[in-house]
Amino acid sequence: MQPLAVLGGEPIRNTPYPSWPIFDERDLEAVTDTIKSGRWGGFPYPGPNTAAFARKFAEMQGGGHAVPMMNGTVTMEVALRAAGIGWGDEVIVPAYTFQATAAAPMAAGAIPVIVDITPDTYCIDPLAVEAAITAKTRAVIVVHLASQMTDMDAIMEIANRHNLVVIEDSAHAHGAQWRDSGAGTIGDFGSFSLQSSKILTTGEGGVLLCKDEHMAQRAASIIDCGRAKDPDRKEFTMGVNYRWSEIHAALGLAALERFSEQASQRSAMADYLEESLSEVPGITLLKRDLRHTKRSFYRYVIKIDPDFFHCEHEVFCYALAGEGIPVDTGYPAMNRYDLFQPGLSKLPVPSAFPEYFNFESMTMPVTERASQVESVWMGESIFRSGRQGVDDLVEALKKMADNPDSLARLVQVGQEMLEQDGQIDFERMPGHL
Ligand SMILES: Cc1ncc(COP(=O)(O)O)c(C=O)c1O
């Protein structure tokens, strides 16, 4: 039995996984041409690159009217504002997501109402959505998390019955499909981030897909300081400058050219990984829902059995990272999240409605188990490194399964550090000593 690398053994993998983002001549040419054109900014909106990107993005995703903008947070704020949702309205969001999903409603003046996820997908639980609906509920933002999709059949059925606006936060789901419909084209709005870690990136950026053309015109108006975008009605809105630049759009056009090949490569390697993972004890895969007809892979999440491995995910990820595998423990639960503390602000929504932000009294059992105990998040680069990259991951997981006593020892050392210093300093763990 090989000792764990963090305890002085040989790591399974010494070669780094490929970095992200990647570029080629097309990006350099597109950016250079844009710079030379003198048309750098986003005004007048949309510029030629932005208009071309919007058309191609909607085509790739399979529907909707695309409105590119600064990032994948303001997309959700703008969607709510375009739909007339604002002050004091309740917007249901999942507890397991990046803070942006809950921060965006507040920026629109609405109140995020946090609900739990399902244990088999880690996406919002439709039953929890239904239970949280009140007379003030106007919208639900679902998140297609990591490489999963929310049960859109259930969400649309609930939304239709209660007349709710549906926003699909598809920051992780470029190219994904549910019953052959693109993520972000099923609800009223699809929100996409193009921030640099995302599988389609322009460095920073976002796209809002709108089912309804008039909503797209309103969204375009809101991000362009309120300028009218509707040729017939000449409707002005209250807006701000959330435009992106033509340089971002140039990068987006180049990224779109590579996207489909990259997506197929990741998908093939994810299938291969899932075949191999059946050989590893102590781990559970998330659900493979057959209605999720095309998967995309921003992150890949598995669950570990803490009793089997004698540790929870933090120590597990630490040991796995030591083997050369890029993993992390994912997001905290929204009600326990350092990056989501509305009470630390003087923002209007938490100031006016403090009763909604009493996080100590909230319990989200499934999210808390996922975020504190069992989830292991793997980077998309594992799927861009051929079969060897996947084989190394599987070998490293098998090594964990062979070494539960060593993992237990790491837990013990961590606990001692916690008692002595009030924190765990992984640099001082065995192997680093
Ligand atoms: C689920 C989710 N929603 C929204 C966002 C926000 O996107 P952006 O960083 O482009 O504002 C992210 C970004 O990490 C995300 O992961």
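The values are calculated or read from the model by the stated rules, or taken from the named source; none is laboratory data. Note that this is a predicted model, so its numbers are computed, not measured. Backbone-built Cβ (ideal geometry, glycine too); neighbour counts: all protein chains shown. Only protein heavy atoms, including side chains, enter the accessible area calculation; ligands, DNA and RNA are left aside. Shrake-Rupley method; radii C 1.70, N 1.55, O 1.52, S 1.80 Å.
Please report, ordered by residue number, the helices (runs of 4 or more DSSP H) entirely within the stretch 19-97 with at least 3 residues that are open to solvent by 10 Å² or more (accessible area, probe 1.4 Å), under 29 Å from M215 (Cα atoms) and among the hydrophobic types (A, V, I, L, M, F, W, C).
Qualifying helices (runs of 4 or more DSSP H): 48-61.
Sort through D421, D328, D405 and tell me the only one that's of a type outside the set (A, V, I, L, M, F, W, C) and surrounded by 14 or more Cβ atoms within 10 Å (Cβ to Cβ).
Every option except D328 fails the conditions.
Condition first: among the small types (G, A, S) and within 23 Å of A110 (Cα to Cα). Now tell me which residues in the stretch 135-157 satisfy that.
Once the filter is applied, which keeps residues that are among the small types (G, A, S) and within 23 Å of A110 (Cα to Cα), the stretch 135-157 yields A135, A139.
When Y272 is evaluated against the numbered criteria (1) at pLDDT below 95; (2) of a type outside the set (G, A, S); (3) more than 25 Å from K56 (Cα to Cα), which criterion, by number, is the only one it fails?
(1)
Checking the condition under 25 Å from N335 (Cα atoms), crowded, with 22+ Cβ neighbours inside 10 Å, more than 16 Å from the ligand (Cβ to nearest atom) and touching a residue at least 40 places away in the same chain (Cβ under 8 Å), which residue from D120, D116 passes?
D116
How many residues does the stretch 209-235 contain that are open to solvent by 30 Å² or more (accessible area, probe 1.4 Å) and at pLDDT below 95?
Number satisfying all stated conditions: 5.
Among the numbered conditions (1) over 30 Å from S197 (Cα atoms); (2) surrounded by fewer than 19 Cβ atoms within 10 Å (Cβ to Cβ); (3) of a type in the set (A, V, I, L, M), tell me where L410 comes up short.
(2)
Testing S375 on (1) within 19 Å of L7 (Cα to Cα); (2) open to solvent by less than 20 Å² (accessible area, probe 1.4 Å), one condition comes back false. Which one is that?
Every condition holds for S375 apart from (1).
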